[in-house]
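The values are calculated or read from the model by the stated rules, or taken from the named source; none is laboratory data. Treat the numbers as computed from the prediction; the structure is a model and nothing was measured. Backbone-built Cβ (ideal geometry, glycine too); neighbour counts: all protein chains shown. With ligands, DNA and RNA removed, areas are computed over all heavy atoms of the protein, side chains included. Shrake-Rupley method; radii C 1.70, N 1.55, O 1.52, S 1.80 Å.
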There are 2 protein chains.
Amino acid sequence: MNRTEDRLTTVSEDRPVTLVDEHARAWSPQEARTRFRAGLTGPTAGVAAGHTQVNLISVPADWAYDMLLFCQRNPKPCPVLDVTDVGSPATVLAPGADLRTDLPRYRVWRDGELVDEPTDVRAHWRDDLVSFLIGCSFTFEWALTEAGVPVRHLEQGRNVPMYETSWQCRPAGRIHGPMVVSMRPVPPQHLSAAIRESSLLPAVHGGPVHCGDPSTLGIEDLGRPDFGDPVDLHPDDIPVFWGCGVTPQAAVMASRPPFALTHAPGQMFLTDARDQQYRVA
Amino acid sequence: MNRTEDRLTTVSEDRPVTLVDEHARAWSPQEARTRFRAGLTGPTAGVAAGHTQVNLISVPADWAYDMLLFCQRNPKPCPVLDVTDVGSPATVLAPGADLRTDLPRYRVWRDGELVDEPTDVRAHWRDDLVSFLIGCSFTFEWALTEAGVPVRHLEQGRNVPMYETSWQCRPAGRIHGPMVVSMRPVPPQHLSAAIRESSLLPAVHGGPVHCGDPSTLGIEDLGRPDFGDPVDLHPDDIPVFWGCGVTPQAAVMASRPPFALTHAPGQMFLTDARDQQYRVA
């Protein structure tokens, strides 16, 4: 994803709307989904503020056990918030929503290869699909902000940088792949709050998986993320790494199931749940 | 389970050892498993103190997806700490352990009916079994005690009382059943700590599902638990209810899979994990 995509644009009109647009922040989740269903597209950071956004991955029922087990075994990058019944585009997290149409943009995968990025997947839908809704770091960024922790990529108007690591997830059946992490530079005096606040949200990645030297994770250059945008560190900032919901997409690339649908990075599904609901204390 | 079973007894010698026996508290998990493998049996409360005990349920692979989804959809009663590979009696939570022999006592279920309670299930084992290790309230009782919250059933030398409720779990495929809860009377001045401390342990049932009037859960008489022992409330004690790891056994009874293995209530599997590891903050 490059910087020019960091806007909400209507496909039909190609009219850019900045991400921090106050109208988008104030939309209800229902209103946001209705607009996305009608063709609005773009990153969802800040949309319907306070409501929980989630990663989507849909796989054929034949692969659903392996995917659910993969998530259970790797809860930091893959915290599952809901799993649909086979073939159903409905979720308890957003009654009335349709997972086939209500995201701004999707990715379609065949044999681990990205083949399409439509704004609607009704033409690709299969009656044997099981959809996994996975927690997203947008939820804990709200908690960081509330605790006074600066969030550099938000300050800099960028998408969070994400990296494939050299750490392999614990495999499950046919599904394997590297852990993907997101990185946020944290000033040392805020590190304790950043760890505490995210740890209290275990359903949305929980506490960091690593703090400090990127090479521990096999990351060679923070300036060249695999997904998202590079972000500028202030002097003394410590790079802090959290498990990332793009991990299932990396697993799809590595494990090559015959078919999968996902959200496009940064263009999440808006649920009716509130971020606060996932806080354990 | 009745009070006379609340002892550790060697089947061959029928020599009772009280639960709070200081030797059992100080055993390592490896030592405890070795003794159970050799035939020692009885409730495990207090054994290898500080180490995480878990509920066991094993079902045929054909039922594993439904069981894993049932747990995902009902995380308060069924928090999954590990799932084995198909046919394997090994778990990452206790390297070298054998799930077929290392528990004090098992239950064998056919078509939802309890058919045997052996101390070893090698004769019942099948190569298509998938085993689920599910968090146990013993872990948060440690945290309650550390926080100065009195735990009445421990004070009274009894097993915790457990109740089937009128609340149905969210079903998953062929698996359905009522939520089972454990109840601990909490003095009002300790209620805040009890909720906070257990909430910080979401992997082992987390915070309570209900506080106060038992009839809200369809429980008619606290003095007649469905499992475990009745416990005496002090004046002003508030009954507090947590999701209970016996819920999967209730689901087996309700859903009648052709075959299942579980631990016997109160006779848990001792892992090498430390209770502290599951605390999120």
Checklist outcome for this item: residue B:63 neighbourhood, Cβ < 14 Å, K/R = +1, D/E = -1, net charge 0
Checklist entry - Once you treat every alpha carbon in the protein assembly as shown as an equal point and sum by Debye, what is log10 I(q)/I(0) at q = 0.06, 0.10, 0.11 Å⁻¹? => result -0.31, -0.86, -1.02
Checklist entry - residue B:31 to residue A:38: FRET efficiency via 1/(1 + (r/R0)^6), r the Cβ-Cβ distance, R0 45 Å, to the nearest 0.05? => result 0.10
Next on the checklist: As an exercise, find the ratio Rg/Rh for segment B:97-153 from alpha-carbon atoms, using the Kirkwood inverse-distance average for Rh.
Outcome noted: 1.14
Checklist entry - In debye to the nearest 20, how big a dipole does segment A:86-189 give about its Cα centre with +1 on each Lys and Arg Cβ and -1 on each Asp and Glu Cβ? => result 220 debye
Item to check | Value at 222 nm in deg cm²/dmol, rounded to 500, when DSSP H runs of n ≥ 4 in the protein assembly as shown each add -39,500 (n - 2.57) | outcome: -5500 deg cm²/dmol
Item to check | residue B:116 versus residue A:85: modelled label distance in nm, points set 7 Å from Cα along the beta carbon direction | outcome: 3.7 nm
Checklist entry - Once you put a point 7 Å from the Cα of residue A:156 and another 7 Å from the Cα of residue A:174, both along the Cβ direction, what distance in nm separates them? => result 4.0 nm
Checklist outcome for this item: When the charge dipole of chain B is computed with +1 on Lys and Arg Cβ and -1 on Asp and Glu Cβ about the Cα centre, the Cα farthest towards its positive end, among B:125, B:217, B:190, belongs to B:125
Checklist entry - In percent, what relative contact order does segment A:10-154 have, based on Cα pairs under 8 Å that are 6 or more apart in sequence? => result 28 percent
Next on the checklist: Using 5 Å bins from zero, what percent of all Cα-Cα pairs in segment B:212-281 falls into each bin?
Outcome noted: 3, 10, 16, 18, 17, 16, 14, 4, 1, 0
Checklist entry - Relative contact order for chain B using alpha-carbon pairs under 8 Å, separation at least 6, rounded to a whole percent? => result 29 percent
Checklist entry - Over all residues in A:64-74, what is the mean tally of Cβ atoms on other chains that come within 10 Å of each residue's Cβ? => result 4
Checklist entry - Ignoring ligands, DNA and RNA, what accessible area per residue does chain A give at 1.4 Å, in Å²? => result 38 Å²
Checklist outcome for this item: HN-Hα couplings for segment B:243-260 via Karplus (6.51, -1.76, 1.60; θ = phi - 60°), in whole Hz with x for Gly/Pro, come out as x, 10, x, 7, 3, x, 5, 5, 5, 4, 5, 7, 9, 6, x, x, 8, 7
Checklist entry - Any idea what the alpha-carbon Rg over 2.2 N^0.38 Å comes to for segment B:169-210? => result 1.47
Checklist entry - What number in nm² do you get for chain A if you take the convex hull of its Cα atoms and divide its surface by four? => result 13.3 nm²
Item to check | Relative frequency of Cα-Cα separations exceeding 24 Å in segment A:83-182, percent | outcome: 44 percent
Checklist outcome for this item: Distribution output for segment B:149-267: share of Cα-Cα pairs per 5 Å bin in percent, first bin at 0, values 2, 11, 20, 23, 21, 12, 6, 3, 1, 0
Checklist outcome for this item: Here the residues of segment A:234-281 whose accessible area is at least 50 Å² smaller with all protein chains than in the chain alone (probe 1.4 Å) are A:280
Checklist outcome for this item: According to the Cβ-distance criterion of 4.7 Å, cysteines of the protein assembly as shown with no possible disulfide partner are A:136, A:169, A:211, A:244, B:136, B:169, B:211, B:244
Checklist entry - Ballpark to the nearest 100 Å², how much total accessible area do A and B bury together, probe 1.4 Å? => result 1600 Å²
Item to check | Alpha carbon centroid spacing (whole Å) that separates segment A:68-109 from segment B:51-68 | outcome: 23 Å
